[in-house]
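Written below as structure tokens is the structure these notes are about.
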Number of protein chains: 2
Amino acid sequence: MESFGTVLPAALKGLGKRRSLPTGMLLFLQDEPAENCYYVEAGEIALRLLSPTGSEVELTKITAGDWCAEALLFAESTYPAQAIVTQACQVVQFHRDEILKNSNSEVSSFFLGLLARKCLRLNKRIEQLTTLGARDRLVQYLLKLCPSHSAGCPGKLTNCRFPFPKKKREIAQELGITPETFSRVLRQLEDENLIQLEGTSIQVISCERLQQS
Amino acid sequence: MESFGTVLPAALKGLGKRRSLPTGMLLFLQDEPAENCYYVEAGEIALRLLSPTGSEVELTKITAGDWCAEALLFAESTYPAQAIVTQACQVVQFHRDEILKNSNSEVSSFFLGLLARKCLRLNKRIEQLTTLGARDRLVQYLLKLCPSHSAGCPGKLTNCRFPFPKKKREIAQELGITPETFSRVLRQLEDENLIQLEGTSIQVISCERLQQS
DNA sequence: GTTTTTCCTTGATCTTGGTCAAGGAAATCC
DNA sequence: GGATTTCCTTGACCAAGATCAAGGAAAAAC
């Protein structure tokens, strides 16, 4: 999930087809050959895995600024899950041939970079999953979100309050923990005066202290 | 870790520089800009993370058939760890410019595919780490290794015995479990008559039964 | 504004897998 | 060959986090 602020890079100008997708639309089916990938400018798409028994499991949600199925496209794979539009979308659709048969080296450089950064992000995630506990993973996540921390964490205290970007249960899933544990850890951090919760928003009281907790 | 049986694809003919690396050689340093990536035809390279306190942690080992630092190269990143040759190597070294400034679209297609497949592998690993327990992860690993299972698992019983490809502790690390747990789970599977251990080799008695255990 | 859903929180309990410590088996080195 | 080191196994114990169940809060529907 890499964000460009919903703006496509110049290298792709002239490529792709802009489409509006209505809520409920089935963008692609599970096991279909992956011929298109998408850049999501607005809206939300859910990836759902259909088990042979018929039940659906939601793998993840794609939101504004994310790419969808780009790795599948270049791996010449099939879609491993189906994609359903859960909030009306504005996307740019790219077809395999359009990209691979394009001789413009800026285009391939762009996708090489995109995939490479994705690899690094996935690697980091694996590292965190195997080396950190639930609490530390959540702390890292909060620090990454906190505006004042990304800004270099200047002072001791940070008065900035920011909203959770997704439902808490979705964040929990992303971190590989249960909603219950997520809730408990947040509470614990609040008890230690590291954060302050208020409804659907959160304030990191001290990035520094939080980081080395 | 993608294997081509230590043979480079035709698309890269003429590119890269073959090098022999003696044991103990420092291939690249941590935090250095990633200007080269390597295809390892033979030998072994260890990636070690240096902590600020001076201690070294081994992240992984690169062996024959693996690529090294390819994602870092295209992400224009620095090397996140240092690389030490632990067994004399035969490698092919590729420089950034050599690849990015090459207009041959077969070359970029190749690396796009390489990175894309790597993304899919990493994704699968994350999925397994978050959804499966230690035992199931080990079972999946064994099935992937077992020759008769990859061959379509024809009969009920498989008489094929095969060696562990690495030290057990290395496999354990790869699976995200401790050597102790690894050992215990193997023993447990043996007690259930699903596998048979003998020194450094293993026999899967029934892929089918193992899979649905 | 009330009802109904959905989402979140909290507590009690249990399972999994990690840690620590010690003994045994291989491999390596003189 | 014996000695040493490295690697693996096993047991006892512990802790992190999952699960189950129930209550509360917020949002959506009417």
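Results, tabulated for the structure shown:
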{"item": "Options B:Glu127, B:Glu76, B:Glu170; residue that is in contact (Cβ under 8 Å) with a residue 24 or more places away in the chain and assigned to a helix (DSSP H, G or I)", "result": "B:Glu170"}
{"item": "Test: A:Phe162 is more than 30 Å from B:Leu72 (Cβ to Cβ), of a type in the set (A, V, I, L, M, F, W, C), in contact with a helix residue (DSSP H, G or I) (Cβ under 8 Å, 6 or more places away or on another chain) and more than 12 Å from DNA strand D (Cβ to nearest atom)", "result": "yes"}
{"item": "Which numbered condition B:Gln140 misses (of (1) of a type in the set (S, T, N, Q); (2) in contact (Cβ under 8 Å) with a residue 24 or more places away in the chain; (3) more than 9 Å from chain A (Cβ to nearest Cβ))", "result": "(2)"}
{"item": "Enumeration of residues in region B:148-167 that are closer than 23 Å to B:Leu132 by Cα and either modelled with pLDDT of 80 or more or surrounded by 14 or more Cβ atoms within 10 Å (Cβ to Cβ) (or both)", "result": "B:His149, B:Cys153, B:Phe164, B:Pro165, B:Lys166, B:Lys167"}
{"item": "Positions within region A:168-182 being exposed (fewer than 14 other Cβ atoms within 10 Å of the Cβ) and near DNA strand D (Cβ under 10 Å from one of its atoms), in sequence order", "result": "A:Thr178, A:Glu180"}
{"item": "Flag if B:Gln212 is over 23 Å from B:Ile62 (Cβ atoms), more than 12 Å from DNA strand D (Cβ to nearest atom) and within 14 Å of chain A (Cβ to nearest Cβ)", "result": "yes"}
{"item": "Among residues of region A:67-78, those that are facing another protein chain (nearest Cβ under 10 Å) and of a type in the set (Phe, Trp, Tyr), counted", "result": "1"}
{"item": "Hits in region B:95-119 (condition: assigned to a helix (DSSP H, G or I) and surrounded by fewer than 17 Cβ atoms within 10 Å (Cβ to Cβ))", "result": "B:Arg96, B:Asp97, B:Glu98, B:Glu106, B:Ser109"}
{"item": "Output for region A:158-195, where each listed residue is of a type outside the set (D, E, K, R) and more than 12 Å from DNA strand C (Cβ to nearest atom)", "result": "A:Thr158, A:Asn159, A:Cys160, A:Phe162, A:Leu175, A:Gly176, A:Asn193, A:Leu194"}
{"item": "Search result, residues across region B:79-109 that are more than 11 Å from every other protein chain (Cβ to nearest Cβ), farther than 18 Å from B:Leu29 by Cβ and in contact (Cβ under 8 Å) with a residue 60 or more places away in the chain", "result": "B:Gln87, B:Ala88, B:Gln90, B:Val92, B:Phe94, B:Glu98"}
{"item": "Which numbered condition A:Leu27 misses (of (1) outside any helix (DSSP H, G or I); (2) surrounded by fewer than 18 Cβ atoms within 10 Å (Cβ to Cβ))", "result": "(2)"}
{"item": "Among residues of region B:198-207, those that are surrounded by 15 or more Cβ atoms within 10 Å (Cβ to Cβ) and either in a helix (DSSP H, G or I) or within 13 Å of DNA strand C (Cβ to nearest atom) (or both), counted", "result": "1"}
{"item": "Check on A:Ala42, small (Gly, Ala, Ser), assigned to a strand (DSSP E or B) and free of Cβ contacts under 8 Å to residues at least 60 places away in the same chain", "result": "yes"}
{"item": "In region B:93-125, the residues that are modelled with pLDDT under 95 and touching a Gly at 6+ places or on another chain (Cβ under 8 Å)", "result": "B:Glu98"}
{"item": "Residue in region A:115-122 that is away from DNA strand D (no atom under 13 Å from the Cβ), touching a strand residue (DSSP E or B) at 6+ places or on another chain (Cβ under 7 Å) and either away from chain B (no Cβ under 11 Å) or of a type in the set (A, V, I, L, M) (or both) present", "result": "no"}
{"item": "Index of the failed condition, A:Pro52 passing every other in (1) out of contact with any Ser or Thr (no Cβ under 7 Å at 6 or more places or on another chain); (2) part of a strand (DSSP E or B); (3) at negative phi", "result": "(2)"}
{"item": "A:Gly14 vs. criteria small (Gly, Ala, Ser) and in a loop (DSSP other than H, G, I, E, B)", "result": "yes"}
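The values are calculated or read from the model by the stated rules, or taken from the named source; none is laboratory data. None of the values given here were measured: they were computed from a predicted structure. A quick note on method: Cβ atoms are made from the backbone with ideal geometry, for glycine too, and the neighbour counts reach across all protein chains shown.
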